[in-house]
Amino acid sequence: MNVRARFARTLDSQFRHLGMDAEYRPQAGQAQTIRVIARRPEELYELGEGRIHAENPVLEFRVHEVPEPRTGDQICVLSRCYRIESEPRLDQHHLVWSAESLPIQE
């Protein structure tokens, strides 16, 4: 087994244990169930004397589940939907996408 295959196996284990089921909804095409890991970096913005708390989740998902994600596609996790806001980025091994997203107000 080569290094890439070992790394892919490790990532599959990580997504199986740390990931959550989600529904990927492309703008064109059929929705499908995938596994995602949501990273939620919190940012505080100063506004006068107050602060605004912003949550801009970065959703990570595997390339073999979604080979070509696009800006505007949606991912629904735990009854909350997010829209991919910028071009998704590949990791250095081309196995995982990272996509900045914003919650969709319903």
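Quick note: the coordinates plus some simple rules give every number you see, no bench work behind them. Not measured: the values here are computed from a predicted model. Neighbour counts run over all protein chains shown; Cβ positions are idealised from the backbone, glycine included.
Brief remarks on what is shown
- Annotation: amide H-H contacts under 5 Å for V96 (H modelled 1.01 Å from N, sequence separation of 5 or more, or interchain): V63, D91.
- Stokes-Einstein D (µm²/s) once Rh is taken as the Kirkwood radius of the chain over alpha-carbon pairs, at 37 °C in 0.692 mPa s: 222
- Highest-first packing order for the peptide set 57-65, 23-31, 76-84 is 57-65, 76-84, 23-31, based on the mean count of other beta carbon atoms within 10 Å.
- Charge dipole (the chain, unit charges on Cβ, about Cα centre) - positive-most of F61, Q92, V3: V3
- Cα-based helix-to-principal-axis angle, 3-18 vs the chain, degrees rounded to 10: 50
- Burial ordering of S101, S13, fewest other beta-carbon atoms within 10 Å first: S13, S101
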